[in-house]
Structures are given as structure tokens and as C-alpha cells.
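First up is the structure itself, then whatever we jot down about it.
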Amino acid sequence: MSKKIKWGIAGLGNIARKFARDLIGAPQAELIAVASSDIDRAKAFQSEFDAQKAYDNYEDLYHDPEIEVIYIASLNQNHKSMSLAALQAGKGVLCEKPLGVNTKEMQEMIALAQKQNCFLMEALWSRFNPAIRKAKQWVEEGQIGDPKFLFAEFSFYRLNVESSHRLLDPKKGGGVLLDIGVYPLFLAYLIFGKPKNIAAQSLFANTGVDVQTSMILQYENAQAILYCGIANESDNNAKLGGTEGEILLHGFWHNTQKVSLTQCGKTIHAEFPSTGNGYIYEINEVNRCIASGKKESELWSHNDALELGRMVEEVFDKIRQK
Ligand SMILES: NC(=O)c1ccc[n+]([C@@H]2O[C@H](COP(=O)([O-])OP(=O)(O)OC[C@H]3O[C@@H](n4cnc5c(N)ncnc54)[C@H](OP(=O)(O)O)[C@@H]3O)[C@@H](O)[C@H]2O)c1
């Protein structure tokens, strides 16, 4: 692949900065333009990451004829409207997770991507992490026998933020399930697929969003215990046990650089050191897909995003019944 893919970024907050750091180091990517609701933020971002243009509105970015793909890095409640507008303008879209705040939104986005014949992917970056792919390969090779039990959590202490913070504000798509619960659910889906059923319970903030959510996923022949929360610190390891061995994904497992395989009392390690923030792998995947004319990734397809969205909805149904 020789041609560089031309990128734009819309919504210039915390995650956009981390992503841009990796994007400008990607061999097949070029940052053409960035757009923010705040021109000072756009100009500062342009200068920090050496983008060619800075816009004070998203529409100009969507209609910039040079750009091929736009990374949507705004808050959850804006993912659908911003992705639809970019797709309508004929751009490919990499949209931050969750793709939409529910599957109805996701279906609308996927339908428009198909109608417009444009690339669309949820930025589920863990799917492209080489250590997680190694763990998946070990499972497929039968290295742990039949996988039977997954324990995965994603938690850190962040209850000390203002109630207007995106994590706690329901109007900003807050709550831990949408923000970080998607990761353990993703890992269960990657290993075991769709569960037969899900049990879940949550504790809630005064704002009404969940701040601790525990889930048990039931499969025909396996179980997963998953947790997400902003009430406690954790090593954030994930463990996958099978009939003949165990895999440890070292914390923070969703962006891990190391996985270990234990069989018959012997442990081997696979390490994938990275100097960036961990987004390079999804960036490379988007570049590869767009350069080869693909409209979705085989590793994280539209259907995968929808299935994960359905799992999230099932958990929401359960925690809201309590
Ligand atoms: N993949 C990951 O590792 C990861 C990690 C953290 C978050 N995320 C996801 O990334 C997205 C953004 O998270 P973030 O932490 O970057 O958020 P953030 O810094 O709080 O805000 C991101 C951008 O959202 C826009 N925005 C729209 N309405 C806003 C409002 N009412 N208040 C504040 N900002 C508003 C702003 O864009 P303008 O610049 O245009 O004004 C802002 O710069 C979320 O969907 C989150 O789920 C992903």
C-alpha cells in the first residue's frame, strides 16, 4: 500500500489528542484537517499535530474534497448525527465507541454507509490489539482446550468528577456500561460469541447513570463474569480458563502489550511493545480497508458492532428492571 489515506478529525477533546498522536506516526496516514466547535481549540490542535487545515465547524470538514475518512471523536450522543453527516457528504467514517447509544442508531448509520457505499467502522480499538489477537489465536489453536470461563473487568476510580462530566451526565451518554462496559462485553463476544442470556446488576450515581455494573453471561458450555466501574482501582487483568490451560491478559487488558499462556504448570509470554497510545492498529486497519476499497472491516464488521450493541441493550434492560 503506497498511497497515504487522507484523514480529518471532528471533535477535538481528550481522546482525539491521543488518537492524533498515533495517527501522525502512521506510515499510511496523512492528517489533512481538524474541526471543533471552538476555533481556538481547532487551531491549537492543528499546530500541535501539524494538520494542514483547521475548521471552526464540522460541515466544512465533511465537505473538504481532499479528505477520505473522518474520525468522529465527539461525545456519545453526537456519534450518530455526526457520522450521518459525514457519510452523507461521501466520507468514510471511523466513529468512537459506542457506534450509537442504541442499536436503532447503529442501524441507521450502517444503512446510510451502505447506501452511500462508504466505509464505516466503530473504533473498537481492542479488536486490533496484537496481544489480544494472539490470545484469540491461542484459543483457536486449542492451546487451552475448550474455553470455559472468562473473567474480565475494566475499572478505575473516577467518582470524584463533577456531575456534568461526560461519565456522569446522562445527556452526554454517560454511565460506565456505555463508556467502558463495552470492553469486557467485547472480549466475551470475541471468545464465545453471543451469549444465551445475561444477568446484570448496577449501582447508580445521583444523576441516574450506572457507576458499577456486574454481568454474568451464560453460554451453552461456558460462563463469563464481567465488571465495569468507576468506584475502585484495579489491576484490570483478564483471565480466560479452558479445559487444558489458562490465558492471562495483563492489565489494562483492553490495551495490553502482554499475554501469558499457562499449560501443565508452564507459562509462556507473548509481548508486543508499543511506543504509542495503542490506536495505531485500528488506524492501520482503516487505512488498509480504504486503500483496498472495503466498506467495512472483517475484524470488526457492522454486524459485530450491532451484536455488541445488542448485548449492551440486554444489560441495560436487566439493570433498569431492578
Ligand atoms: N477509544 C478510547 O480509548 C476512548 C477513550 C476515552 C473516550 N472514548 C470515547 O471518545 C468520545 C469522546 O471522549 P473524550 O474523553 O474525548 O470527551 P471530551 O474530551 O470530554 O469531549 C470530546 C469532544 O466532544 C465535543 N462535545 C460535544 N458536546 C459537548 C459538551 N456538551 N461538552 C463537552 N464536549 C462536547 C467537543 O468537541 P469540539 O472540540 O468540537 O467542541 C469535545 O472536544 C466518547 O464517545 C468516548 O466514549 C474513547
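Laboratory data are not the source of any read-out in this text; all were calculated from the coordinates shown. No experiment lies behind these values; they were computed from the predicted model shown. Positions of Cβ are generated from backbone atoms using ideal geometry, with glycine treated the same way; all protein chains shown enter the neighbour counts.
Hey, what angle do you get for helix 182-192 against the long axis of the chain, alpha-carbon based, 0 to 90 degrees rounded to 10?
Rounded to the nearest ten degrees, it is 60.
Does the range 214-322 come out rounded, prolate or oblate by the C-alpha gyration tensor, with a ≥ b ≥ c the root eigenvalues, rounded set by a/c under 1.5 and, if not, prolate when a/b is larger than b/c and oblate if not?
Oblate shape, in that a/c is at least 1.5 and b/c is the bigger or equal ratio.
In the range 47-122, what GluC sites (Glu not before Pro) fall in a loop by DSSP, with at most 16 other Cβ atoms inside 10 Å?
Of the GluC sites (Glu not before Pro), the ones in loops of the range 47-122 whose Cβ has at most 16 other Cβ atoms within 10 Å are GLU66.
Can you give me the distance in nm between label points at ASP50 and ASN102, each placed 7 Å from the Cα along the Cα-to-Cβ direction?
4.6
Skipping prolines and chain starts, which residues have an amide H placed within reach, meaning under 5 Å, of the one on LYS148, given they are 5 or more residues away or on another chain?
GLY241, GLY242, THR243
Take the cross-link list LYS53/LYS115; LYS104/LYS295; LYS18/LYS172; LYS136/LYS172; LYS97/LYS136 and give me the ones stretching past 23 Å between alpha-carbons.
Distance filter (> 23 Å) returns LYS53/LYS115; LYS136/LYS172.
Once you have the Kirkwood Rh of the chain from its Cα pairs, apply Stokes-Einstein at 20 °C and 1.002 mPa s and quote D in µm²/s.
The diffusion coefficient I find is 106 µm²/s.
Would you mind ranking CYS264, CYS228, CYS118 by Cβ crowding within 10 Å, fewest neighbours first?
CYS264, CYS118, CYS228
Using 0.36 nm per residue of separation minus the Cα-Cα distance, give me the extension gain between GLN223 and ASN206 in nm, one decimal.
Stretched out fully, the GLN223 to ASN206 stretch lengthens by 2.9 nm.
Which ³J(HN,Hα) values in Hz, rounded to whole numbers, follow from the phi angles of the range 134-147 under the Karplus curve 6.51 cos²θ - 1.76 cosθ + 1.60, where θ = phi - 60° and Gly and Pro get x?
So the J values, rounded to whole Hz, are 5, 4, 4, 5, 4, 5, 5, 6, x, 5, 10, x, 7, x.
Tally the DSSP beta bridges in the range 130-271 and give the antiparallel ones as a percent, rounded to 5.
85
So in the chain, what percent of DSSP beta bridges are antiparallel if you round to the nearest 5?
Antiparallel bridges make up about 55 percent of those DSSP assigns within the chain.
Please go through the residue pairs LYS6/LYS294; LYS196/LYS266; LYS80/LYS134; LYS4/LYS194 and name each one whose alpha carbons sit more than 25 Å apart in this structure.
Among LYS6/LYS294; LYS196/LYS266; LYS80/LYS134; LYS4/LYS194, the Cα-Cα distance tops 25 Å for LYS196/LYS266; LYS80/LYS134; LYS4/LYS194.
Would you mind checking the tilt of helix 103-116 against the longest principal axis of the Cα atoms of the chain, expressed as 0 to 90 degrees and rounded to 10?
Between the helix axis and the principal axis of the chain, the angle is about 50 degrees.
With everything on Cα atoms, drop me the angle between helix 79-88 and the longest principal axis of the chain, reported from 0 to 90° to the nearest 10.
Approximately 50 degrees, to the nearest ten.
Relative contact order, percent, of the range 130-271 when contacts are C-alpha pairs under 8 Å separated by at least 6 residues?
Relative contact order for the range 130-271 comes out at 32 percent.
Please give the charge dipole size of the chain, origin at the Cα centre, charges +1 on K and R Cβ atoms and -1 on D and E Cβ atoms. Round to the nearest 20 debye.
The dipole magnitude comes to about 180 debye.
Which of the GluC sites (Glu not before Pro) across the range 267-322 are loop residues per DSSP, with 10 or fewer other Cβ within 10 Å?
GLU298
Pairs of Cα atoms under 8 Å, at least six residues apart: use those to get the relative contact order of the chain, whole percent.
19
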